[in-house]
Amino acid sequence: MISNLKIDLRQLKTFLTIADKGSFSRAAETLFIAQPALSRQIRLLEEALDVDVFVRLGRGVQLTAAGEVLYERARALLQDVEQIQADVSAVAGSVTGHVTLGLLPTVSHELATDIIKAFQVLYPRVTLALRSAMSGTLQQMVSQQKLDMAITDDQKKNQHLRYTPLIEERFALIAPPGSELARRDSIDLHEVLDLPLILPEEKHGVRARMEKEAMARNKKINMAFEVSAWPLMTQMVNQNLGYTILSAVSVGEMVSRGEVAVVPIVNPELKRTLAIVTPGNIPPSIATMKLTEVILEQVSEQVRSGRWIGNLLF
């Protein structure tokens, strides 16, 4: 153990605030600390480290090379301290802390709402933040610890992540409500490949799957539009500009309003597996584990009630 450590957490918090604000004066206003006192904390920090952490400019400051290293380490350290406090409080019976959950845009809004409501009732002292992005981006953010967990495609491409299988669901053709295909009970995959399709860019899971299926049949996708914004894709289908491929649950609200139709794809069925993804190299916080429990319960309830058609994998 280091017995002569002369750095305290208050100095590190002050340092991070100055770095984020870009000046001592703005940091003093944010922290409600007089600027001379704030300057003294940084001076003591620099003396303890025997380096300069800031370059003083005319109207602000800039991190030195040593300051940049300190910034990354100090930010991680303070996050760990906050997590320690939350976990210790949870042992005493009160779960606290902050959890950031990533969700695919194609996961239903109803599920997200149910998760938020249930978690807030059970753990009111935990702050829950949600982020939406495609699978690849979500998994990268989890590996970089910018997200505590995410619900993504179960791709298992990152060895530094832990995957908990959640549900297997079918893809369907999303068709304009007044189209002839909207009245069909199902559609063969080879027919789908001939339709004018509205799909996301190639790195997206559903696009990659459709490209693979087309290649296996010596065909090319009939690409009408390449659109990565999921709400825009479904809106374009509603306007009769083409068709897209999604799970039924992702457009459940639009189907109930008569804005699009869902036609199951057969011969073969196209399926995807969703998973809960967490960092594989650090243990989850108690708040994160509690959120996982809530997600599993809410997904189970949606499948039991028929709101989500799929096979549970847990």
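The values are calculated or read from the model by the stated rules, or taken from the named source; none is laboratory data. Because the structure is predicted, anything quoted here is derived from the model rather than measured. Every residue, glycine as well, gets a Cβ built from its backbone with ideal geometry; the counts of neighbours run over all protein chains shown.
Counting residues that are under 24 Å from residue 253 (Cβ atoms), in the same structural domain as residue 262 (by TED's automatic domain parsing) and at pLDDT below 95, which helices (runs of 4 or more DSSP H) fully inside the range 183-238 reach at least 3?
Details: elements: 189-192, 205-216, 230-238.
In the range 183-238, 205-216, 230-238 are the helices (runs of 4 or more DSSP H) which contain 3 or more residues that are under 24 Å from residue 253 (Cβ atoms), in the same structural domain as residue 262 (by TED's automatic domain parsing) and at pLDDT below 95.
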The residue that is surrounded by the fewest Cβ atoms within 10 Å (Cβ to Cβ), considering only those in the range 113-129 that are more than 15 Å from residue 292 (Cβ to Cβ) and among the hydrophobic types (A, V, I, L, M, F, W, C), is 121
Output for Cβ contacts, cut-off 9 Å, separation at least six or different chains, first residue of a type in the set (Lys, Arg) in the range 260-282, second at pLDDT below 95 and in a loop (DSSP other than H, G, I, E, B), reads 271/310; 272/154
Taking the range 77-109 and the residues there that are in contact with a Lys or Arg (Cβ under 7 Å, 6 or more places away or on another chain) and outside any strand (DSSP E or B), the one that is modelled with the lowest pLDDT would be 94
Among the residues of the range 168-182, the number that are out of contact with any Phe, Trp or Tyr (no Cβ under 8 Å at 6 or more places or on another chain), of a type outside the set (A, V, I, L, M) and not in a loop (DSSP other than H, G, I, E, B) is 3
Is at least one residue of the range 274-286 buried (at least 20 other Cβ atoms within 10 Å of the Cβ) and among the polar types (S, T, N, Q)?
yes
Taking the range 166-182 and keeping only residues that are in contact (Cβ under 8 Å) with a residue 24 or more places away in the chain and more than 19 Å from residue 307 (Cα to Cα), one is left with 175, 176, 177, 178, 179, 181, 182
Please determine whether any residue of the range 251-258 is surrounded by fewer than 20 Cβ atoms within 10 Å (Cβ to Cβ), among the acidic types (Asp, Glu) and part of a loop (DSSP other than H, G, I, E, B). no
Residue pairs within 7 Å by beta carbon, gap of at least six or interchain, first lying in the range 27-49 and surrounded by fewer than 19 Cβ atoms within 10 Å (Cβ to Cβ), second modelled with pLDDT under 90 and not in a helix (DSSP H, G or I), listed first then second, are 48/6; 48/7
